[in-house]
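The structure follows.
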Amino acid sequence: MLKLTLSKRDKTVVSVGSAVLLVVFLYLLIDSFSSGASGLEKKVKALEQEWGKIKTLQAEYLESKRRLEELEGSIKMGTEPIISVAEKILVESGIEREKFSIRSRTSESGELYEENSVDVEIKKISLEKMVDVLHKVETYPSFLKITKFRPQSRFDSPDLLDVSFRISTYQLRKES
C-alpha cells in the first residue's frame, strides 16, 4: 500500500478546505430547506386567497339562486289570465268601466319564457288614481311589468290625463 505523508502545511490546507466544503454543503442544505419552506408559505398564501375568492363566489351563487327561486315562485303564481288581472286592478282602483279599455296581445316567446300582455287605455283619470293603479300593478302578488307608459294631458280638463300602457307577465316555458 501506498502511504502518503503530508507536510504540516498540506494538512492545514486539507483541513481548511474540508471545513470550507462542509460549511458550503451545510449552507446549501439549509438554504434549500428554507427556500422550500418559503415557497410553501407563498403557496399557502395563494391558496388562502383562492379559497377566499371561492367563498365569495359561493355566496354570490347562493344569493343569485335565492333570487331566481323567488322570481320563479312569483312567475308561477300568475295562473290567472292577464286581462282579468288588469281589469281587477282597474276596478279596485275605482275606475269606471266606461273610462278604460283593455286589449289582449298575442303571446311573445323567448327561449326560457312566454310573455303575455295587454294594452290598457284609460280616459279622464286623475294623477292620484293613476299612481294608485301603477302601485297596485307593481305590488301585485304575481310578477307584472309595465311598459310603453304614455300619459297625455287633456286640453278640456288639465287636471285629468289620458293614459296608455302595456302590462306584461311572464311564464317559464315548460320543458319538453
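If r is the Cβ-Cβ distance from residue 139 to residue 164 and R0 is 22 Å, what FRET efficiency results, to the nearest 0.05? Present the calculation step by step, with values, prior to reporting the outcome.
Details: r = 21 Å, r/R0 = 0.96.
Result of the calculation: an efficiency of 0.55.
Now for a separate question. Which three semi-axes in whole Å describe the equivalent ellipsoid of the stretch 9-77, each the square root of 5 times a Cα gyration tensor eigenvalue, listed largest first?
Numbers: eigenvalues 867, 5, 3 Å².
The three semi-axes for the stretch 9-77 are 66, 5, 4 Å.
Any idea how far apart residue 156 and residue 28 come out in nm if each label point goes 7 Å out from Cα toward Cβ?
A separation of 10.5 nm, rounded to one decimal place.
About the Cα centre of the stretch 9-77, how large is the charge dipole given +1 on each Lys and Arg Cβ and -1 on each Asp and Glu Cβ? Please answer in debye to the nearest 20.
Details: 11 positive and 10 negative charges, 39 e Å.
Here the stretch 9-77 has a charge dipole of around 180 debye.
Report the one residue of 131, 141, 153 whose Cα lies farthest in the direction of the positive end of the charge dipole of the stretch 82-172 (charges on C-beta: Lys and Arg +1, Asp and Glu -1; origin at the Cα centre).
Selected residue: 153.
Consider the candidate values [x] 52, 36, 21; [y] 129, 45, 22; [z] 107, 36, 23; state which one is Cα extents along the principal axes in Å computed from the structure displayed.
Of the listed options [x] 52, 36, 21; [y] 129, 45, 22; [z] 107, 36, 23, [y] comes from this structure.
Starting from the Cα of residue 136, draw a straight line to each of the lysines and keep only those under 21 Å, dropping any in the same chain fewer than 8 residues away.
The reachable lysines, counting only those whose Cα sits under 21 Å from residue 136, are 76, 88, 99, 123, 124, 145, 148.
With unit charges on the beta carbons (Lys and Arg positive, Asp and Glu negative) and the dipole taken about the Cα centre of the stretch 9-77, which residue among 51, 25, 13 sits farthest to the positive side?
13
What's the FRET efficiency of residue 97 with residue 127 using the Cβ-Cβ distance as r and R₀ = 22 Å, to the nearest 0.05?
In this case the efficiency is close to 0.60.
Then there's this: Could you pull out every whole DSSP H run in the chain that spans at least 18 Å of Cα extent along its own axis and averages 1.0 or higher on the Kyte-Doolittle scale? Provide the component values of the computation, followed by the final result.
Details: long enough: 8-77 (102 Å, -0.06).
Sorted by number, there is nothing, because no helix extends far enough and scores high enough.
Readers should treat all values here as calculations from the given coordinates under stated rules, not as data from a laboratory. None of these values were measured; they are calculated from a predicted model. In this analysis, Cβ positions are derived from the backbone assuming ideal geometry, glycine residues included, and neighbour counts consider all displayed protein chains.
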